[in-house]
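To start, the structure itself, in structure tokens.
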Amino acid sequence: MNNKSDILVGIDLAKTYGELAVVKGVSLAIREGEFVSLVGKSGCGKTTLLSILSGLEHPTRGQAFLNGKEITGASEDELALFRRENVGFIFQSFNLIPTLSAWENVALPLFPIQMSEAERRRRATELLDQMELAHRLEHLPAALSGGEKQRVAIARALINHPKIVFADEPTGNLDTATGDAIMAILNGLHRKQGMTILMVTHESELAKTADRVLHMQDGEVLS
Amino acid sequence: MYHAYILKELRHHRHRTLVNILGIAVGIALFVSINAVSTAYQEAVSLPFKNLGADLVVQRAEKRAVNSSQAGPSMRGIRLPFSNQLLSSDDLDKLRIFPGIDAMAGSLLLWNFDRGGFRTIMGVDMSQPSLGPVHIKEWLAKGRFPEKKGEVVLEKHYAKFNNTQLGDPFTIGSRSFSVVGLLEIREGAQIASTNIYLPLADAQDLMGNESKIVNLVYLRLQNPSRLNQTKTEIMQSMPGISVASSDAILEVMGGVSRISDQFSLVVSLVALAGAIFLIIKTMLGNLVERSREIGILKAVGWTGGDVQKQLMGEVFLQSAVGGIVGVAAGYLISYLLGYLAIPVTTPWEVNLLPAFAKEAGAAAQTIRLPVSFSVGLTAAALALSLLAGGLASYFMGRRMAKMKPADILRRL
């Protein structure tokens, strides 16, 4: 790691699938409390880069450091534990478990942890209350609107008090108004709570709301 | 493991859960029913001996006329069956002190031929109250068992055929008797089923006042597990003697009984293995279907072990329910099959009827399969259902370990 205030650092990261190079020697650093947008056309490699930086995927080459720990050489289980303690995810397609209620989806990262059900529920309820979904605690995802689902997903990303939140096209499946509301929540998290956020999007307008915009093209970060 | 999650998953995917539970239940039901029916089959075969409280029946066949199928003109009056010649007092003394013998009782089986046909007569040793044909007094339908000489008990249908009732006089040879009881022959009574029962002394008188003679000896062993050894030892030390056990019935029945005796466990395990294979295939198929969910769980910080524990919980719950349903269904099938009567063939040497009385040299009597609940079989079936769950979990774990969250989420 080059700088103590950098919470996320990537050095010469590359990912190839057979002959296809998806990420080509990307180096970047994100400071603690920063909101960074990674913008680029569909298929330019931004989701793969996000997966590498968040510990979901191993790079073919290069190193990634998250919160001071190198994650590129870690095993699958070590990465899972690391993600549980340090990372929050927000996906384009929400990725909620359809059989679990809203509060249970929020508490999902806490299930493997030794914790009373009451405590899990309390923490999930508190977050859903912040997302103005206190009245939807027991609802299944199928009974929620797109915006509500994404707010549940945001609450889930925050339940483990992460050091950084990775958001992959968080408004991609939402209408403009709902998308704006979700962006408002993310901006609020960043401004009010100092949350570090790396957001992947293909919408330039949306990307502009971040502190810094990184452009990606053909597997390379241009700026 | 999050129990509410397990229940919600199983409830939400009712069809999938039902298929898995039914798969296990069918395998376990096959295992239970094949084994329960097989055990009942063995039980049915051993019933004729069990009904007499005997492990072995000892007799001496006539040398020249073994298994004859024709009755010659000399077969008039009261005579000994070909397969039941008199046992000498030496034979009886040897048997009495033979190692491993717990109790011994004798009887005298006679055939009586006259113009009207033939009848079978059994002289019963009353001194041994729990061994030999004396057991059949439990089957008395009317009256009582003979207490002194001159009294007989008739088989109910034989009495009806001969228009004889309780209290009527009854003649055998030149001697008169009084009918003091009627009895109804029950299932599995082949080796003690005759038309007439009377005290042993009366039967001996019918043979010409020869005292202490018998032609059938019933033995109860101190240790029934030494049955085959004792049988062989008796035959070796007493030449010309034949010793029968329930195995003799098993041998003449062949077919299903041999299969049930030797292969029931193998057949049932093969059936169960087939079912387990299908269950594992189904569950692995379910795993592919659930890859999205597994990807999400891993992405939010569940380790492979956490996911596997959760899946194991689901599999074991389904296995346990499938096992219980399978055991219940298996016993239900077995008890229903127990209503079917199976023919139990009696080998000629312990068949009390003359060979010509039947078309074949062996007589068959139908017996309902005595299916009974076995704690051991139930425990084994439940253990196997959990083993099936364990195997399914193992293979699911292996498959699941290869699932990378990024690969899964990329495909969504």
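Read-outs throughout are calculated quantities, based only on the coordinates presented, and are distinct from any laboratory measurement. These numbers come from a predicted model, not from an experiment. Cβ sites come from the backbone with ideal geometry, for glycine too, and all protein chains shown count toward neighbours.
Values as computed for the structure displayed
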item: Flagged links, alpha-carbon separation over 23 Å, of B:LYS50/B:LYS137; B:LYS160/B:LYS212; A:LYS69/B:LYS309; result: B:LYS160/B:LYS212; A:LYS69/B:LYS309
item: Charge tally in the Cβ shell below 10 Å around A:LEU206, where Lys, Arg are +1 and Asp, Glu are -1, A:LEU206 excluded; result: -3
item: Under-5 Å amide H pairs with B:SER83, H placed in peptide plane, nonlocal only; result: B:GLU62
item: Per-residue [θ]222 nm for chain A (sum of -39500 (n - 2.57) over DSSP H runs n ≥ 4, rounded to 500); result: -10000 deg cm²/dmol
item: Relative contact order [Cα under 8 Å, 6+ residues apart], chain A, whole percent; result: 30 percent
item: Amide H within-cut-off set for A:ILE7, under 5 Å, with H built and near neighbours excluded; result: A:ILE30, A:ARG31, A:GLU32
item: Pairs beyond 32 Å (Cα-Cα), from B:LYS142/B:LYS231; A:LYS149/B:LYS402; A:LYS46/B:LYS281; A:LYS41/B:LYS281; A:LYS24/B:LYS404; result: B:LYS142/B:LYS231; A:LYS46/B:LYS281; A:LYS41/B:LYS281
item: The protein assembly as shown, dipole about Cα centre (Lys/Arg Cβ +1, Asp/Glu Cβ -1), debye to the nearest 20; result: 480 debye
item: Shape category assigned to the stretch B:74-143 from the gyration tensor of Cα positions, a/c cut at 1.5; result: oblate
item: Averaged over B:403-409, number of beta-carbon atoms from partner chains that fall within 10 Å; result: 6
item: Built amide H within the under 5 Å cut-off of A:VAL200, gap 5+; result: A:LEU38, A:ALA167, A:ASP168, A:GLU169
